[in-house]
1. Before we move on, is Pro140 in a loop (DSSP other than H, G, I, E, B) and within 24 Å of Asn32 (Cβ to Cβ)?
2. Please count how many residues of the stretch 47-73 are surrounded by fewer than 19 Cβ atoms within 10 Å (Cβ to Cβ) and over 16 Å from the mean Cα position of the chain (by Cα).
3. Any chance the stretch 128-144 includes a residue that's farther than 30 Å from Asp57 by Cβ, of a type in the set (Phe, Trp, Tyr) and crowded, with 18+ Cβ neighbours inside 10 Å?
4. Can you spot a residue in the stretch 130-153 that is under 25 Å from Leu5 (Cβ atoms), among the polar types (S, T, N, Q) and out of contact with any Gly (no Cβ under 6 Å at 6 or more places or on another chain)?
5. Residues of the stretch 101-121 being over 24 Å from Ile162 (Cα atoms) and of a type outside the set (Phe, Trp, Tyr), which ones?
6. Identify the single condition in (1) in contact with a helix residue (DSSP H, G or I) (Cβ under 6 Å, 6 or more places away or on another chain); (2) within 28 Å of Leu95 (Cβ to Cβ); (3) touching a residue at least 24 places away in the same chain (Cβ under 8 Å) that His131 does not satisfy, given that it satisfies every other one.
7. Does Ile132 meet the test of being on the phi < 0 side of the Ramachandran plot and over 17 Å from the mean Cα position of the chain (by Cα)?
Amino acid sequence: MNFGLYESSCALDVKKLFTDVFTNSEGEEEGNLIGNLAFELQETTDPRDIFGFLAKDGEIIAGCIFFTRMTFEISISAFILSPVAISTQYQNQGLGQKLIKFGINQMKNNDVDLIFTYGDPHYYSKVGFIHITEEIAKAPLKMTFPEGWLAQSLTSDKIEPIKGNSTCVKALMKQKYW
């Protein structure tokens with residue numbers, strides 16, 4: 001398995017990966033929703049505000065993750081990990097964790113201070129994320145699952161509270177994802 005940067009030539013294959021993975025696990029409506037999110041992130045986000053990473057088995061895209069910029073009222077380099085997809089045939093082999101760890105290391109190399117995600121606390125705790133409250137960092141929109149608000153500092157052992165509101169890239173600034 002090879003890990004590397006997302007390639008824009010893979011945009012449609014990446015959309016299909018996300019659509020297929022989420023259709024298999026959550027149903028067709030969710031598959032289309034997340035597949036379209038992945039495509040919109042690729043097509044509309046300023047290249048300075050997005051990092052994508054692929055896991056490839058030869059020419060097959062086995063997994064993909066995206067980190068996109070979050071901004072706060074104070075100056076801090078922060079990104080959110082979302083979405084994440086591992087092809088069904090490659091799941092339950094530790095590939096997702098390996099790809100996320102690869103991505104986290106790349107984010108450290110790009111001087112990112114904090115990374116966030118919004119998902120399963122049990123899964124993401126395996127790669128260093130901890131649950132936070134909005135007293136620590138306010139989410140961009142109202143969350144339906146506050147237990148899934150997670151973060152990881154890439155510069156210290158503790159996450160210091162961040163005052164004020166946050167925003168994320170346009171594609172993620174839609175209530176349906178929160």
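1. Yes.
2. Going through the stretch 47-73 one residue at a time, the tally reaches 7.
3. Looking for residues that are farther than 30 Å from Asp57 by Cβ, of a type in the set (Phe, Trp, Tyr) and crowded, with 18+ Cβ neighbours inside 10 Å, one finds none in the stretch 128-144, hence no.
4. For the stretch 130-153, residues under 25 Å from Leu5 (Cβ atoms), among the polar types (S, T, N, Q) and out of contact with any Gly (no Cβ under 6 Å at 6 or more places or on another chain): present.
5. Lys101
6. For His131, the exception is condition (3).
7. no
Quick grid of which residues meet (1) at pLDDT 95 or above; (2) within 21 Å of Ala171 (Cβ to Cβ); (3) among the aromatic types (Phe, Trp, Tyr):
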site: Pro47; (1), (2), (3): yes, yes, no
site: Leu54; (1), (2), (3): yes, yes, no
site: Ala78; (1), (2), (3): yes, yes, no
site: Lys98; (1), (2), (3): yes, no, no
site: Phe116; (1), (2), (3): yes, yes, yes
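The values are calculated or read from the model by the stated rules, or taken from the named source; none is laboratory data. In this text the structure is predicted, and so the values were computed from the model without any measurement. All Cβ positions, even for glycine, are placed from backbone atoms using ideal geometry, and neighbour counts span all protein chains on display.
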